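A.B. asks: This is the structure, below, for whatever I ask next.
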Amino acid sequence: MQPLASLLVWSGISVLGASAFGVLALSRGETVNAAWLLTAAVCTYAVGYRFYSKFLASRVFGLDDRRATPAERFNNGRDYVPTNKWVLFGHHFAAIAGAGPLVGPVLAAQFGFLPGTLWLVIGVVLGGAVQDFVILFCSLRRDGKSLGQMAKEEVNPAAGATAMLAVLFIMIILLAVLALIVVNALKASPWGLFTIACTIPIALLMGWWMKRWRPGSVGEASAVGAVLLLGALVAGGWVAGQPHLAPLFTHSATALTWMMMGYGFIASVLPVWMLLCPRDYLSTFLKITTILVLAIAILVILPPLRMPALTPFASLGEGPVFAGKLFPFAFITIACGAISGFHSLVASGTTPKMIARESDARLIGYGGMLMESFVGVMAMIAACTLDPGVYFAMNTTPAALAQASQVLGQAGFVVTPDFMRELAARMGETTLLARSGGAPSLAVGIAQIFAGATSVLGGKTLDALWYHFAIMFEALFILTTIDTGTRVGRFMLQEIVGHVWPRFAETSWYPSVIASSALVVAGWGYFLYQGVVDPLGGINSLWPLFGISNQLLAAVALCVGTTILIKMGRGRFAWVTAAPLAWLVTVTMTAGWQKVFSADPRLGFLAHAASLAGSANPDTARLIFNDRLNTFVALLFMTIVTVLIVTSLREWWLVLSRRKTAVVHEAPYVETGYATGD
């Protein structure tokens with residue numbers, strides 16, 4: 001593109017995005033079209049990827065395609081496998097895009113559409129995508145080492161070793177929460193379970209197709225996988241309607257817990273090309289296609305945002321969906337989609353071991369995170385196009401709804417029981433009341449948009465079909481994080497034990513692979529089971545801890561990234577990671593302090609435990625135990641991260657003031673054996 005034409009095009013995109021933000025920010029009670037929100041996001045992503053990610057790749061990191069990657073140098077056919085960048089983009093995106101970008105924005109919609117949207121769009125360009133990119137780059141230059149190992153080598157051995165244990169523990173908590181959402185979505189749902197189960201043999205077929213039968217035939221395998229996936233979706237509806245087949249795929253949450261643990265273990269020990277990578281690539285095909293079609297549907301029917309820009313709960317801090325004011329809780333409720341520490345584990349886990357060329361890291365690291373943020377924006381739109389009365393009726397327990405009834409009534413956020421019964425019948429459900437957790441209300445929002453689009457185009461609305469498609473879409477979205485997360489946890493545990501028993505750290509030694517995978521699965525399986533049997537539904541107890549631990553993990557990643565940039569002699573660019581780090585520490589430490597020590601029983605763990613003392617509720621003992629466990633874990637994470645931040649600051653000062661010689665633990669330079677264009 002000629003310089004003048006390029007200038008005009010990108011100036012036009014920038015002006016369009018700024019205008020869309022202006023419409024969203026300046027609305028004062030009048031109805032705003034969802035297309036403006038979509039336009040603001042897409043324009044910002046385009047500008048951020050074109051200019052900021054290029055600046056990071058060339059000026060800050062200095063990506064070099066002449067340098068052999070770990071996948072090329074250690075190719076073992078199981079963990080280190082050079083992979084087509086688009087297939088790897090699919091794997092990476094599927095691995096990082098779990099529950100966060102779907103559930104977080106839906107829950108945060110109780111504050112209104114504006115705060116969450118701004119955090120999703122601005123946060124990802126300046127924070128989340130930068131974190132993913134910098135950690136992927138650092139791991140790529142260090143033979144695919146994990147975040148904890150890099151912290152140990154680059155920051156401080158003692159603090160790093162402590163951080164390695166904390167990161168592994170955080171990982172286990174995150175996997176348990178993600179698995180819990182899948183279990184809640186699939187329990188007593190034969191349609192969803194059948195379709196999800198079919199993705200496993202389909203992925204195995206694709207893996208053998210691309211690796212053994214037709215090496216490199218990505219397009220062929222994709223076409224076959226897509227057709228089979230759509231067939232499985234349609235067949236799932238038929239299976240659910242068969243009295244003799246439906247019971248085979250109708251299981252309790254406890255049974256699904258064991259199934260999830262079994263799948264996580266198997267996916268962790270098999271070679272990546274056989275199940276993990278093709279399954280993630282397959283699910284990414286469905287994910288991205290669905291999100292893009294949803295965006296097109298929004299542009300076709302132009303649905304209004306029925307939720308206001310700001311609701312009364314933004315300042316009151318007494319929201320019925322979850323307690324707490326907009327600051328800081330909007331920024332930990334929306335974790336994935338804006339910035340997520342979990343991504344740093346994937347970016348220093350499976351992905352750096354599969355990149356064929358360093359330049360691929362820009363698309364996979366920065367571009368993959370932008371795509372996840374786009375998913376979060378779609379989730380926000382789907383939630384905010386619902387009638388606010390429906391939104392709060394679905395995402396709130398009856399007790400919380402009663403407590404907030406006066407505020408909801410004054411704001412006009414009310415809905416009749418007859419309307420909710422009619423809506424449930426249209427969606428093929430018995431009830432939609434008190435379906436907390438975000439997933440069901442997101443499915444209703446997606447179903448209504450798709451149904452509206454098919455109606456505009458002259459077809460039937462098909463509400464029930466679209467609703468169950470959305471449920472399946474959400475479950476598939478989240479499940480792909482479990483398999484990769486378990487594998488990353490296995491790598492981390494092998495590294496930790498390897499300091500005592502070096503043979504255990506060998507990723508090619510199968511006894512180590514099996515033992516470490518079993519231990520990681522047992523860890524997140526325990527917390528998953530506790531969530532399943534939790535009287536409050538699990539998500540109420542675990543999601544705040546998920547948000548806090550996830551964002552504290554992001555702080556660890558940004559500390560490591562900043563330290564490495566300074567040691568590389570790129571201190572003048574350290575602001576690219578230090579600025580989001582400062583914001584994240586402020587937000588997350590504030591939220592953690594309030595969750596532990598707030599005197600409001602609806603907000604503080606300790607206050608809630610104290611309020612249960614003397615209660616005749618048979619579940620009191622378990623609820624008090626959960627509160628105390630959450631308190632211990634939150635304080636532990638906050639303490640460890642504080643120590644790491646202080647240690648990092650000291651390291652930065654010593655290096656920048658030349659009191660200490662900077663030692664970078666990069667792998668030696670080895671020239672690639674690939675020809676240009678391979």
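A.B. asks: Here's a check for you: in region 201-226, which residue that is loosely packed, with under 14 Cβ neighbours inside 10 Å and assigned to a helix (DSSP H, G or I) is modelled with the lowest pLDDT?
C.D. replies: Checked region 201-226; the qualifying residue modelled with the lowest pLDDT is 219.
A.B. asks: In addition: Within region 606-625, is there a residue that is part of a helix (DSSP H, G or I), in contact with a Gly (Cβ under 7 Å, 6 or more places away or on another chain) and open to solvent by 20 Å² or more (accessible area, probe 1.4 Å)?
C.D. replies: Taking region 606-625 as the starting set, the residues that turn out to be part of a helix (DSSP H, G or I) are 606-611, 620-625.
Then drop every residue that is not in contact with a Gly (Cβ under 7 Å, 6 or more places away or on another chain), which leaves none.
Looking through region 606-625, none of the residues is part of a helix (DSSP H, G or I), in contact with a Gly (Cβ under 7 Å, 6 or more places away or on another chain) and open to solvent by 20 Å² or more (accessible area, probe 1.4 Å).
A.B. asks: Find all pairs meeting these conditions: Cβ atoms under 6 angstrom apart; at least six residues apart or on different chains; first residue within region 566-580 and over 13 Å from residue 60 (Cα atoms); second residue among the β-branched types (Val, Ile, Thr).
C.D. replies: From region 566-580, the pairs are 578/562.
A.B. asks: Right, here's the next one. Test residue 97 against the criterion of being open to solvent by less than 10 Å² (accessible area, probe 1.4 Å), under 28 Å from residue 35 (Cα atoms) and in contact with a Pro (Cβ under 8 Å, 6 or more places away or on another chain), and give yes or no. Please lay out each step first, then the result.
C.D. replies: On the way: open to solvent by less than 10 Å² (accessible area, probe 1.4 Å): yes; under 28 Å from residue 35 (Cα atoms): yes; in contact with a Pro (Cβ under 8 Å, 6 or more places away or on another chain): no.
The answer is no for residue 97.
A.B. asks: Could you say whether any residue in region 249-272 is in contact with a helix residue (DSSP H, G or I) (Cβ under 8 Å, 6 or more places away or on another chain) and farther than 30 Å from residue 515 by Cβ?
C.D. replies: Yes, because at least one residue in region 249-272 is in contact with a helix residue (DSSP H, G or I) (Cβ under 8 Å, 6 or more places away or on another chain) and farther than 30 Å from residue 515 by Cβ.
A.B. asks: Something else about it: Could you tell me which of the residues 309, 295, 347 is farther than 25 Å from residue 129 by Cα and not β-branched (Val, Ile, Thr)?
C.D. replies: On the way: 295 fails: farther than 25 Å from residue 129 by Cα; 347 fails: farther than 25 Å from residue 129 by Cα.
Being farther than 25 Å from residue 129 by Cα and not β-branched (Val, Ile, Thr) holds for just one of 309, 295, 347, which is 309.
A.B. asks: Residue under question is residue 255, and the condition is that it be assigned to a helix (DSSP H, G or I) and either of a type in the set (Ser, Thr, Tyr) or more than 22 Å from residue 483 (Cα to Cα) (or both); does it hold? Give the derivation first.
C.D. replies: Values: assigned to a helix (DSSP H, G or I): yes; either of a type in the set (Ser, Thr, Tyr) or more than 22 Å from residue 483 (Cα to Cα) (or both): no.
In short, no.
A.B. asks: Any idea which residue in region 28-41 is modelled with the highest pLDDT, counting only those that are open to solvent by 60 Å² or more (accessible area, probe 1.4 Å) and either closer than 18 Å to residue 373 by Cα or not acidic (Asp, Glu) (or both)? First the steps, then the outcome.
C.D. replies: Step one: of region 28-41, the residues open to solvent by 60 Å² or more (accessible area, probe 1.4 Å) are 28-31, 36.
Within this subset, residues satisfying the condition of being either closer than 18 Å to residue 373 by Cα or not acidic (Asp, Glu) (or both) are 28-29, 31, 36.
Details: 28: 69, 29: 68, 31: 81, 36: 93.
Going through the qualifying residues, I end up with 36.
A.B. asks: Would region 572-583 turn up any residue that is open to solvent by less than 20 Å² (accessible area, probe 1.4 Å), touching a Cys at 6+ places or on another chain (Cβ under 8 Å) and over 16 Å from residue 138 (Cα atoms)?
C.D. replies: Yes, region 572-583 contains at least one residue that is open to solvent by less than 20 Å² (accessible area, probe 1.4 Å), touching a Cys at 6+ places or on another chain (Cβ under 8 Å) and over 16 Å from residue 138 (Cα atoms).
A.B. asks: Please go through (1) outside any helix (DSSP H, G or I); (2) farther than 20 Å from residue 544 by Cα; (3) open to solvent by less than 60 Å² (accessible area, probe 1.4 Å) for residue 600 and return the number of the only condition it doesn't satisfy.
C.D. replies: (2)
A.B. asks: Being part of a helix (DSSP H, G or I), open to solvent by 10 Å² or more (accessible area, probe 1.4 Å) and hydrophobic (A, V, I, L, M, F, W, C) is the filter here; which residues of region 333-366 pass it?
C.D. replies: 363
A.B. asks: Residue under question is residue 115, and the condition is that it be within 30 Å of residue 408 (Cβ to Cβ), open to solvent by 10 Å² or more (accessible area, probe 1.4 Å) and either modelled with pLDDT of 90 or more or in contact with a Gly (Cβ under 7 Å, 6 or more places away or on another chain) (or both); does it hold?
C.D. replies: Details: within 30 Å of residue 408 (Cβ to Cβ): yes; open to solvent by 10 Å² or more (accessible area, probe 1.4 Å): yes; either modelled with pLDDT of 90 or more or in contact with a Gly (Cβ under 7 Å, 6 or more places away or on another chain) (or both): yes.
When the stated conditions are applied, residue 115 passes them.
Each row is one residue, and each column tells you yes or no for (1) open to solvent by less than 40 Å² (accessible area, probe 1.4 Å); (2) under 22 Å from the mean Cα position of the chain (by Cα); (3) charged (D, E, K, R); (4) at pLDDT below 80.
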position: 473; (1), (2), (3), (4): yes, yes, no, yes
position: 492; (1), (2), (3), (4): yes, yes, no, no
position: 500; (1), (2), (3), (4): no, no, no, no
position: 510; (1), (2), (3), (4): no, no, no, no
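A.B. asks: On to the next question. If only one of 25, 5, 57 is closer than 30 Å to residue 448 by Cβ and either open to solvent by less than 60 Å² (accessible area, probe 1.4 Å) or of a type in the set (Lys, Arg) (or both), which one is it? Walk me through it before giving the result.
C.D. replies: Working: 5 fails: closer than 30 Å to residue 448 by Cβ; 57 fails: closer than 30 Å to residue 448 by Cβ.
Only one candidate passes the filter, namely 25.
A.B. asks: One residue is enough: does region 307-321 have a residue meeting the conditions in contact with a strand residue (DSSP E or B) (Cβ under 7 Å, 6 or more places away or on another chain), touching a residue at least 24 places away in the same chain (Cβ under 8 Å) and either surrounded by fewer than 19 Cβ atoms within 10 Å (Cβ to Cβ) or farther than 18 Å from residue 374 by Cα (or both)?
C.D. replies: Of the residues in region 307-321, the ones in contact with a strand residue (DSSP E or B) (Cβ under 7 Å, 6 or more places away or on another chain) are none.
No, region 307-321 has no match at all.
A.B. asks: If you don't mind, there's one more thing I want to ask. Of the residues 293, 377, which single one is within 19 Å of residue 124 (Cα to Cα) and either part of a helix (DSSP H, G or I) or open to solvent by 10 Å² or more (accessible area, probe 1.4 Å) (or both)?
C.D. replies: Details: 293 fails: within 19 Å of residue 124 (Cα to Cα).
From the options 293, 377, the qualifying one is 377.
A.B. asks: Let me confirm something: among 547, 523, which residue is in contact (Cβ under 8 Å) with a residue 40 or more places away in the chain, closer than 17 Å to residue 169 by Cβ and buried (at least 21 other Cβ atoms within 10 Å of the Cβ)?
C.D. replies: Working: 523 fails: buried (at least 21 other Cβ atoms within 10 Å of the Cβ).
Only one candidate qualifies: 547.
A.B. asks: Return yes or no: is residue 185 assigned to a helix (DSSP H, G or I), at pLDDT below 85, of a type in the set (Gly, Ala, Ser) and open to solvent by less than 40 Å² (accessible area, probe 1.4 Å)? Give the steps one after another, and end with the answer.
C.D. replies: On the way: assigned to a helix (DSSP H, G or I): yes; at pLDDT below 85: yes; of a type in the set (Gly, Ala, Ser): yes; open to solvent by less than 40 Å² (accessible area, probe 1.4 Å): yes.
Yes.
A.B. asks: Hey, does region 70-77 have a residue that's at pLDDT 90 or above and touching a helix residue (DSSP H, G or I) at 6+ places or on another chain (Cβ under 7 Å)?
C.D. replies: yes
A.B. asks: Exactly one of (1) touching a Leu at 6+ places or on another chain (Cβ under 9 Å); (2) part of a helix (DSSP H, G or I); (3) not β-branched (Val, Ile, Thr) is unmet by residue 323. Its number?
C.D. replies: Status for residue 323: all satisfied but (2).
The values are calculated or read from the model by the stated rules, or taken from the named source; none is laboratory data. These numbers come from a predicted model, not from an experiment. Note that we place each Cβ from the backbone using ideal geometry, even for glycine, and neighbour counts take in every protein chain shown. Ligands, DNA and RNA are stripped out before the accessible areas are found, and what is left, the full protein with its side chains, is counted by its heavy atoms. Shrake-Rupley method; radii C 1.70, N 1.55, O 1.52, S 1.80 Å.
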